[in-house]
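Participant: Okay, handing you the structure first.
Values in this text are rule-based calculations from the coordinates and carry no lab data. It should be emphasised that the depicted structure is a prediction, and the values quoted were computed from it without experimental measurement. Positions of Cβ are backbone-derived with ideal geometry, glycine not excepted, and every protein chain shown enters the neighbour counts.
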Amino acid sequence: MRANIEFEGKVLEIKEKDILEKLVKQQAKYIGEYLQKRYVFNTIPFSENRWVRLRSDGEKTTLAVKEIGDDSVSGTSEWEVDVSSFEETLVILNKIGIKPKGYQENRRIEYLMDTCQITLDFWPNIPVYLEIEGKSEKEVYGCAKKLGIDKKDITGINTTKIYQKYGIDLDKIKALRF
């Protein structure tokens, strides 16, 4: 069993208004709306299924390694630490020879429902999607069920694969901005 498993499911092409109404009905707690900015980096040695992410939502900045085992809700492992400065961490990474392969932005609306983090993720050039993150697969599927989402409509694919569904090679885009 992998350490640091991230239990996260995505529901593609949601109807934003319907989901927001369901979140209100479930008395989900509104957390906030953020513009997230991130740099992504290849690992050394390079691995197709592993990358480094430096991300900030304007309040919190983190440095993480993400590793895909498979496309299931429990198929990704993540190791993440808080860092004090987005800009200075980028400088440090560059000084040790780690250069970003790309820059990305997305807008996120976040809720807390039961023990799940529920987010509506808006990325440039693709439809909005829902992300449900919990402490277990059971929690993710339980929160989805409360929102009227069938288990078969939940995927664990990453953002790169979501973009591929729309014919866009995210790895070829150096700066993904609104």
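Participant: Just to verify a number: FRET efficiency for VAL91 and THR160, C-beta to C-beta distance, R0 = 25 Å, to 0.05?
Facilitator: The calculated FRET efficiency here is 0.45.
Participant: For region 72-87, what does the Karplus curve 6.51 cos²θ - 1.76 cosθ + 1.60, with θ = phi - 60°, yield as ³J(HN,Hα) per residue in whole Hz, taken in order and with x for Gly and Pro?
Facilitator: The phi angles translate into 7, 4, 10, x, 10, 10, 9, 10, 9, 10, 6, 10, 7, 8, 4, 5 Hz.
Participant: Let me ask something else about it. Where does each of 112-120, 80-88, 62-70 land if you order them by average Cβ count within 10 Å, highest first?
Facilitator: Working: 112-120: 18.0, 80-88: 12.0, 62-70: 16.4.
Highest to lowest by the protection proxy: 112-120, 62-70, 80-88.
Participant: Using θ = phi - 60° and the Karplus form 6.51 cos²θ - 1.76 cosθ + 1.60, what ³J(HN,Hα) does each residue of region 161-178 get, whole Hz, x for Gly and Pro?
Facilitator: Taking θ as phi minus 60°, the curve returns 6, 4, 4, 4, 4, 9, x, 10, 8, 4, 5, 8, 9, 6, 9, 9, 10, 7 Hz for region 161-178.
Participant: Sequence gap at least 6, Cα distance under 8 Å: using those rules, report the relative contact order of the chain to the nearest whole percent.
Facilitator: Over the chain, the number comes to 29 percent.
Participant: Something else: How far is the Cα center of region 8-33 from the Cα center of region 108-169, in Å?
Facilitator: Taking the Cα centre of region 108-169 as reference, the centre of region 8-33 is 10 Å away.
Participant: Mind checking which of TYR166, TYR30, TYR103 has the largest fluctuation in a GNM of the chain, springs on alpha carbons under 10 Å?
Facilitator: Of TYR166, TYR30, TYR103, the most mobile in the Gaussian network model is TYR166.
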